[in-house]
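Q: Dumping the structure here so I can ask a few things about it.
Quick note: the coordinates plus some simple rules give every number you see, no bench work behind them. Values in this document were obtained by computation on a predicted structure and should not be read as measured data. Because the Cβ atoms are built from the backbone with ideal geometry, glycine has one as well, and the counts that use them run over all protein chains shown.
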Amino acid sequence: MHSQAQLEHQASDALAALGATIDPGTVSDAVDLYLCKHERETGQPVDRDAIGATVAAETIQAATSWLLTLDAPTQTHPAGATPVQL
């Protein structure tokens, strides 16, 4: 079992290993967001002090993937090109 604080630490370590610089508060928010998403999808509360291995792995993967998009360099566009808004 893992605690939310452990997941936040593991996510921060994974991001640092990839060279990302994300504020710890943002990492904490992302982990909490994905735990809340899991709760909403399953209809079951997640004990923040006893998170199972599967939920922990899914949360770390999802949070780090999303946070890496925040740390990505800004996209540049060729002169005259207009970014497409979806």
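Q: Once you list every other residue whose beta carbon is under 13 Å from the beta carbon of Lys37, what net charge do they have if Lys and Arg are +1 and Asp and Glu are -1?
A: On the way: positive: Arg40; negative: Asp29, Asp32, Glu39, Glu41, Glu58.
Charge balance near Lys37 sits at -4.
Q: For the pair Glu58 and Cys36, how long in nm is the line joining their label points, each one 7 Å along Cα→Cβ?
A: 1.8 nm
Q: Give the long-range amide H neighbours of Ile51: residues separated by 5 or more places, or on another chain, with amide H under 5 Å away, using H modelled in the peptide plane at 1.01 Å from N.
A: His2, Ser3
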